[in-house]
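The values are calculated or read from the model by the stated rules, or taken from the named source; none is laboratory data. None of these values were measured; they are calculated from a predicted model. Here the Cβ is made from the backbone with ideal geometry for all residues, glycine too, and neighbour counts use every protein chain on show. Note: accessible area is taken over every heavy atom of the protein model, side chains too, but ligands, DNA and RNA are not part of it. Shrake-Rupley method; radii C 1.70, N 1.55, O 1.52, S 1.80 Å.
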Amino acid sequence: MRVAEADVGRTAAAPTIAAGPQDSAPVIVSKNLTVGYELHRERQRLTALRDISLTVNRGEFVVLVGPSGCGKTTFINAISGLVKPWEGSIEVNGRPVTGPGPDRAMVFQDYALMPWRTVESNIRMPFEMQKLGLSQKEMDERVRRYIDLVDLTGFENSFPYELSGGMKQRVGIARALVSEPDILLADEPFAAIDAMTREAMQSELERFVTNTRQTVVFITHSIDEAVTLGDRVVVISYRPGRIKEIVNVNLPRPRFDYDVKMLPEYGELRDHIWRLVKDEALQTARGAK
Amino acid sequence: MATMAPSEPARIVKTEWSMREFWKRYGSWFVTVANLTIFFVVWELFARSGAISPLFLPPASSMFEALWTGLTTTSPPGSVISGSIRDHLFYSLGNLSLGLFLACLIGIPAGLLMGGNRYIETVLSPYVWALASLPRIALVPLFILFLGFTVKMQVTIIVLSAVFPIIINAWAGVKTTEKSLLAAAKVFGASRRELYTKVVLPYTLPFIISGVQQGIGRGLIGVIIAEIFGGSKGLGYLIQRAADTFNSALMYAVLFLLVVVSLTLIQLTRWLEAYVAPWRRIDRL
C-alpha cells in the first residue's frame, strides 16, 4: 500500500508513532452485551457472548483473540448490526446500533467478493448501496485512489477468480475503506493467506492505520498477529465468550519498522497471552463441548 | 508489491509451437474425427457383410443418404403427410421452443419464489417433488384424453417435462446463495430488494442456466414421446412411421439427427453459462 498518497483524503494527520487509546473519545461502547443465535430447528438459544463490556476509542486498534467458537465473530457482527443484542447494549458514536451503516465496514475471512463483479465494480459496490452524498466524480476518484492504495492498478477489470488469495483480500480491504468508515471491522482477514503475504499485508495495514488514525476491531487466531497489530488485545474465553483479560500493548509504531519482534517485551506479551488462552485452546483442540 | 522496474526483461516471452504442444492442444479433435470415421466405416462394412439384415441395420451410407434427401427436399404443397425430414424437424423444433419458453416463463419465477419465501416453498414443494418424480410418460394418456391429438397436448407434455429441472435448479440456487456474500451486501448497506437483485439473482443465474440445460434434454424426450403416442407430424411421428414401413435408413437418419440437435442445444447452453458465469468454469467436463 502506498500510504503517503493514501492519507491525502483523510482528515486526521497523525504522528508516525502512536500507541494506546490516546484520543479517548469513545467510538464503540458495549455494555453488558449478551448475544447469540436462535437455533429454530432444535428450539434452542445458543449464547455466544455473555456480559461483554468494552469501550473502543477513536484511532484505537483493538484485537480480539480466543479459541474457535468463542463468539469473536458474533461481537463483530453485533457492532456491524448484523445481529441484535439480547441483553445489554452496544453503541457506535453514541447511538445504539440498529443495523448496518456507512460508518462501519467489514473485511471478511473468505473475502466475500461478488464473483460476477470485476475488481473495480466490487470496490464500487458500497457506493451503489449507501447514500453518502458524493458526486459521481468524487466516487470515481475514490475508487481509483483505493485501487491504487492496495496496489491493484492494472487489475481493475479482472474478476476475483483470476486473482490470488492475497490480491482478493486487497480488494476486500479496498471495498471496506472506500466509503472511509469510522470503524473498520476485520474478521480474520489474513487467516487464509500464505504466511509471507500475510506478514506483508499486516505491515501495510498497520502503516495505513497508523497514518489515518483508523479505528479497527480485528479478530485473529494468531497471537503474533494480535501483538504486532493491536494497541489492546482482548482475550475472550470459550463458549459462552466472556472477556478474560485486556492486555495493553505499548510497543512503538510502525511495529514492522521497529522490528518489535526482537524486543523482550514482545516475547513477554506473547507468552502472557498464550498462557491466557492455552487451557481453552487445548480444550477446544480435544473437541470438548 | 512494487511495480516492475522498466529495465527488467519482459516476463512474458512468446515461444515457438512444438509438435508436442500442438498435439496437446488440438490432438483431441483429431482423435475424435478419426474415432467417428472409423466408427462409421466399421458400421458400413459390418452392414454390407450381410451378417445382419439391412432391415435392422442399414449401411451408414444409406442413413446419410436418407438424411441428405430428407433435409434438402420438402413435400409438395397439399400432400397429407410429409415424407421430408425437414418439415418434421421444423415442426418438432417449433414445439420444443414454445414448450421450453413456457417452461422458463413458469419455472424461473416459481423456483425463485420458492427459494425466497418459506411459505410458498412449504405450499408448493410437495407438488413439485411429486410431479418431478412421476415419470412424465405416465401422464400422456391423461393429456390425450383431455386435449386430444393436438399441438396443445404435445406442448403441455414438453412443458411438464422441462419445467421441473428449471424450478428445482432456480430454487436450489436461491437457497444455496453464499451466506458471506449476503452478509457482505448487508454490511455495505444493501436493502432487502438489493439483496435479491444484486446478490441472489446473479448468484442464481448459472443455476437457472443448468436447469434450462437439463430442461432441454427432458423437453426433447417430451417432444418425441408426445409425437410417438399421438400425432401426425414431427420427428417422433417420423420414427414411428419409418418403423411401420420398414424404412430403417430413415429411422436411423432421424435418430442421428436427434443426437445432433440435442448436442447442439446443450452445447449452446454451456457456452451461455461459460459466458455469463466464467467463475464456474473450473472443474467442468
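Taking the Cα centre of region A:187-284 as origin, work out the dipole magnitude from +1 charges on Lys and Arg Cβ and -1 charges on Asp and Glu Cβ, in debye rounded to 20.
Roughly 320 debye, rounded to the nearest 20.
The number of Lys pairs in chain B with C-alpha atoms less than 18 Å apart, excluding pairs fewer than 8 positions apart on the same chain, is 6. Mean per-residue shielding of peptide B:186-196 is 6, counting Cβ atoms of other chains within 10 Å of each Cβ. Here the calculated FRET efficiency for A:Arg270 and A:Ser68, from their Cβ-Cβ distance with R0 = 30 Å, stands at 0.95, rounded to the nearest 0.05. Site pair A:Leu132 and B:Thr32 shows an inter-label distance of 4.8 nm when each label is modelled 7 Å from Cα along Cα→Cβ. Look at where the Cα atoms of region B:50-72 and of region A:158-203 average out, and the two centres are 64 Å apart. Taking the DSSP beta bridges with both ends in chain A, the antiparallel portion is around 55 percent. Short to long, the 20 Å bins of the Cα pair-distance histogram for the protein assembly as shown hold 16, 37, 26, 17, 4, 0 percent of all pairs. Peptide A:169-176 has a mean of 1 when you count, residue by residue, the C-beta atoms of other protein chains within 10 Å of its C-beta.
Panel note: contact residues of region A:95-134 (accessible area lowered by at least 40 Å² against the chain on its own; 1.4 Å probe) correspond to A:Pro100, A:Phe108, A:Met114, A:Pro115, A:Trp116, A:Met129.
Computed from point charges on the beta carbon alone (+1 for Lys and Arg, -1 for Asp and Glu), the dipole magnitude for region B:196-285 about its Cα centre is near 300 Debye. When the charge dipole of the protein assembly as shown is built from unit charges on Cβ atoms (+1 for Lys and Arg, -1 for Asp and Glu) and taken about the Cα centre, the candidate among B:Ser97, A:Pro102, A:Leu251 whose Cα reaches farthest toward its positive end is B:Ser97.
A crude spin-label estimate for the pair B:Trp23 and B:Tyr127, with each label 7 Å from Cα along the Cβ direction, gives 6.0 nm.
Antiparallel beta bridges, as assigned by DSSP with both residues in region A:105-251, represent about 40 percent of the total such bridges.
Here the peptides B:190-198, A:130-138 are ranked by packing, the mean other Cβ count within 10 Å, and the order with the highest first is B:190-198, A:130-138. Normalising the average separation of contacting C-alpha pairs (under 8 angstrom, six or more residues apart) by the number of residues puts the relative contact order of chain A at 27 percent. From the alpha carbon centroid of region A:211-253 to that of region A:26-43 is 20 Å. Dividing the summed helix terms, -39500 (n - 2.57) for each DSSP H run of n ≥ 4, by the number of residues in the protein assembly as shown produces a 222 nm estimate of -17500 deg cm²/dmol to the nearest 500.
Restricting to Cα pairs below 8 Å that are 6+ residues apart, what does the relative contact order work out to for region B:13-141? Please round to a whole percent.
Relative CO of region B:13-141 lands at 9 percent.
Rounded to two decimals, the Cα-based Rg/Rh of chain B, with Kirkwood Rh, is 1.10. Which percent of the accessible heavy-atom area of the protein assembly as shown goes to carbon and sulfur, probe 1.4 angstrom? Carbon and sulfur together cover 61 percent of it. Projecting the Cα positions of B:Ser28, B:Ala47, B:Ala60 onto the charge dipole of region B:8-67 (unit charges on Cβ atoms of Lys, Arg, Asp and Glu, taken about the Cα centre) puts B:Ser28 furthest along the positive direction.
Taking every DSSP bridge with both residues inside the protein assembly as shown, close to 55 percent are antiparallel. Here's the picture: charge each Lys and Arg Cβ at +1 and each Asp and Glu Cβ at -1 in the protein assembly as shown, and of A:Ala200, A:Gly88, A:Ala186 the one pushed furthest to the positive end of that dipole is A:Gly88. Each Lys and Arg adds +1 at its Cβ and each Asp and Glu adds -1 at its Cβ; summed about the Cα centre, chain A shows a dipole of about 900 debye. Legend: Rg and Dmax of region A:49-181, from Cα coordinates, 16.4, 48 Å. Computed on protein heavy atoms with a 1.4 Å probe, the accessible areas place A:His221, A:His272 in the order A:His221, A:His272, largest first. Only protein heavy atoms count here; on that basis, with a 1.4 Å probe, A:Lys168 has an accessible area of about 50 Å².
With R₀ set to 51 Å, the beta-carbon distance separating B:Phe90 from A:Arg144 gives a calculated FRET efficiency near 0.40.
Could you work out the relative contact order of chain B? I mean the mean sequence separation of Cα pairs under 8 Å and 6+ apart, divided by the number of residues, in percent.
So the answer I get is 21 percent.
Residues B:Phe149, B:Phe207 ordered from highest to lowest accessible area at a 1.4 Å probe: B:Phe149, B:Phe207. Interface between chains A and B: roughly 2100 Å² of accessible area buried, both sides summed (probe 1.4 Å, protein heavy atoms only). Report note on the peptides B:36-44, B:244-252: ranked by the mean count of other C-beta atoms within 10 Å, highest first, their order is B:244-252, B:36-44. A protection proxy built from the mean count of other Cβ atoms within 10 Å ranks the segments B:257-267, B:64-74, B:92-102, most packed first, as B:92-102, B:64-74, B:257-267. Calculate I(q)/I(0) for region B:168-214 by the Debye formula, one identical point scatterer on each C-alpha and no solvent, and give its log10 at q = 0.26, 0.33, 0.34 Å⁻¹ to two decimals. Here the Debye-derived log intensity ratios amount to -0.86, -1.14, -1.18. In this simple spin-label model, placing a label point 7 Å from the Cα along the Cα-to-Cβ direction at both B:Val259 and A:Asn250 gives a separation of 8.2 nm. Figure note: B:Cys104, A:Cys70 ranked by solvent-accessible area, largest first, 1.4 Å probe, ligands and nucleic acids not counted: B:Cys104, A:Cys70.
Take each residue of peptide B:174-184, count the partner chain Cβ atoms within 10 Å of its Cβ, and average: the result is 4. Return, ordered by residue number, the residues of region A:114-142 whose backbone nitrogen is under 20 Å from a label point located 7 Å along Cα→Cβ of A:Ser158. Taking a point 7 Å out along Cα→Cβ of A:Ser158, the residues of region A:114-142 whose backbone N falls under 20 Å are A:114-125. When the alpha carbon coordinates of region A:53-125 are projected onto the principal axes, the ranges are 40, 30, 26 Å, largest first.
The residues of the protein assembly as shown expose, per residue, 52 Å² of accessible area to a 1.4 Å probe.
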